[in-house]
Amino acid sequence: MNLWKKEHLLNTDICYPLGFTFSFPCQQDDLASAKLTTWTKCFNCSNVVNKDIVKLLQDAINEKYINTKCVALVNDTVETLMSCAYKNPSTVIGLILGTETNACYIENLDKIGTWNGDYNDLKQVIINTERSAFSDNGCFNFIRTNFQLNQRFDSLITQSQRLHFNFIQCHKDDFRLCIGLLPAYIDKIEELAISEQDTPGQVYAFLSFFRLFVLFIYLRILYLHFNEEALDWKIVENALYSSPQTKIDTLSIKESIKENRLSVGNATARIFRLKSLQKFSLLSDFTRMNWSNLAKISSNIEHLTISGIHCEFEDLQYIFRCVPCLKDLDVEIASRVSFFGEKAKRSKQNIAVMPILRAFVLCFAGNSLVTMDMLTEYLNSMPVLTYLEIKAHSELLDVNAWKMLLETSLP
C-alpha cells in the first residue's frame, strides 16, 4: 500500500482513510466494526468467524507499518444502493447479479429486532440479505420439494464460473443432491475438488458414481484429497490410472496411506505420463517410492511440489531426467534410510541439466547426510536459477560455505 501511495504521488506521512468492501454476512454494529457471521461462496479461512474483521485488517496493516486507517466497512451490494441513492434518493433496493447474487433494502428501524443502537437517532437501516447463501447449512431442507431442490442445483450451476465444482467441506445433503444430478453436466466440468476433509466418505461416494476421471472430457483442474482408511484403495487406483487419458493440466493430490504403498507408488509414477499435466502437487505420507521408475518417463510438468514421500537427495537425478521442462521445483528430502534388498550405494550417474529451472526449494530432514559439495553439483546443473530456498541442518547453513559457493561455483 505504501508503494501504491508513492506511485500515485501521495504523501506517505499522511494517514489516509480506507474503505473496506467485504462481501460476506456480518453482524455490523458500527461503521468500522463488524463480526463475520459465516463464510460463504466456498471460502473458509480459520479463526475469523465471530471476530471483528475490520480489526483483523487494521492489525495486519499496522504490522506492515502502513500509515492507513480503516474507517468504514461496506458490503458491495450496500455500496450499490448508496451510490444510486446519492443521485436518486428514492432508491430503496441494491441488487448484484454476478458470479453470486445478492440484494439489500432499506427497512424501518422498529422492525429490526437485533438492533442494539439508539432508536432515536436513526429511523431506517440497510439490510444486507446475503440471499445466495440462504440455507447453506441445510436448515430449510425439510420443507423443500424435489422441484425446489432441482432449482437449487441449477442455481449452483449458474453460480459456478465455467463449471468449477468445489465439494471440499460441502454439506452432505448438498453433496448427495449434486451427485444425483451431476451426470447432466459431466461433459462440461473444467475444475473438480473432492476431499475427505470434514466430510468422510465423500471421495468414496464420488468415485463409486464416477469411477474414471476420463469421463470428464473437459476436466482441466483436479484436487483429490483422500484417506485410505475411509475408502477402497482399488477405486482410487482405477481412477488415477485413467488420468493419463485425460486433459488435466493442474493436479493436486493429498493422501494418507497406511497400506498398498507399492500400488500407490506405481499409480504416482503413472501420473507423470499425463502429457497435458503442467502443475503437479503431491502431499503424502507413504515412505517408499521407487523414483528410478521415472527415468524411463518423459513428462511435460513445469511446476512440481513433493512432500511427505520418501525422496532422497540422489533421487533428484531421476526427477530431473523425467521432467526436463521444470520451471519450479519444491521437494522435501528425507534422511538416508536403508530398505530391505537395497544396495548401500547407488551407481553414479550424470546429473541432467535443467535449462529452464528458475525456482528451487529444498527442505532437508534434520539428520540429512547431504553435503555442500553434493548440493553444489546439482546447483551447477541449473544455469538460469533465480530463486533458491534451503531449509536444512546447520552444516548446510554455514555462511562461509555459502559465500564460497556463490562466488566460485554457481553459474
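The values are calculated or read from the model by the stated rules, or taken from the named source; none is laboratory data. None of the values given here were measured: they were computed from a predicted structure. Here the Cβ positions follow ideal geometry from the backbone for every residue, glycine too, while neighbour counts run over all protein chains shown.
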Within the range 284-323, residues part of a strand (DSSP E or B) and modelled with pLDDT of 90 or more come out as HIS303, LEU304, THR305, ILE306
Restricting the first residue to the range 351-366 and requiring it to be farther than 14 Å from ILE390 by Cα, which pairs with a second residue that is basic (Lys, Arg) and surrounded by 15 or more Cβ atoms within 10 Å (Cβ to Cβ) meet a Cβ separation below 8 Å and a spacing of at least six or different chains? ALA352/ARG321; ILE356/LYS327; LEU357/LYS327; ARG358/LYS327
Go through the range 40-89 and give me each residue that's hydroxyl-bearing (Ser, Thr, Tyr), closer than 29 Å to TYR105 by Cβ and touching a strand residue (DSSP E or B) at 6+ places or on another chain (Cβ under 6 Å). THR77, THR80
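If you go through the range 245-263 one residue at a time, how many are in contact with a helix residue (DSSP H, G or I) (Cβ under 9 Å, 6 or more places away or on another chain), at pLDDT 85 or above and either part of a loop (DSSP other than H, G, I, E, B) or closer than 19 Å to ASN293 by Cβ (or both)?
As a first pass, look at the range 245-263 and keep what is in contact with a helix residue (DSSP H, G or I) (Cβ under 9 Å, 6 or more places away or on another chain): 245-246, 248, 251, 253, 255-260, 263.
Restricting the remaining residues to those that are at pLDDT 85 or above gives 245-246, 248, 251, 253.
Right, trim to either part of a loop (DSSP other than H, G, I, E, B) or closer than 19 Å to ASN293 by Cβ (or both) and you get 246, 248, 251, 253.
Residues that pass the stated criteria total 4.
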Quick test of your reading of the structure: ASN266 fulfils all but one of (1) in a helix (DSSP H, G or I); (2) closer than 22 Å to CYS178 by Cα; (3) not acidic (Asp, Glu). Name the failing condition by number. (2)
Among the strands (runs of 3 or more DSSP E) contained in the range 49-145, which hold 3 or more residues that are modelled with pLDDT of 80 or more and farther than 18 Å from THR37 by Cα? 68-74, 93-97, 101-108
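Just a yes or no: is a residue in the range 51-72 closer than 30 Å to LEU192 by Cβ and either surrounded by 14 or more Cβ atoms within 10 Å (Cβ to Cβ) or not assigned by TED's automatic domain parsing to the domain that holds GLU191 (or both)? Before the answer, list the steps.
Step one: of the range 51-72, the residues closer than 30 Å to LEU192 by Cβ are none.
There is no residue in the range 51-72 that is closer than 30 Å to LEU192 by Cβ and either surrounded by 14 or more Cβ atoms within 10 Å (Cβ to Cβ) or not assigned by TED's automatic domain parsing to the domain that holds GLU191 (or both).
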Output for the range 285-313, where each listed residue is more than 22 Å from PRO244 (Cβ to Cβ) and either aromatic (Phe, Trp, Tyr) or buried (at least 20 other Cβ atoms within 10 Å of the Cβ) (or both): HIS310, PHE313
The one condition in (1) among the hydrophobic types (A, V, I, L, M, F, W, C); (2) closer than 18 Å to TYR318 by Cα; (3) at pLDDT 85 or above that ALA239 fails to fulfil: (2)
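Of the residues SER276, SER281, only one is exposed (fewer than 15 other Cβ atoms within 10 Å of the Cβ) and modelled with pLDDT of 80 or more; which?
Working: SER281 fails: exposed (fewer than 15 other Cβ atoms within 10 Å of the Cβ).
The conditions single out SER276.
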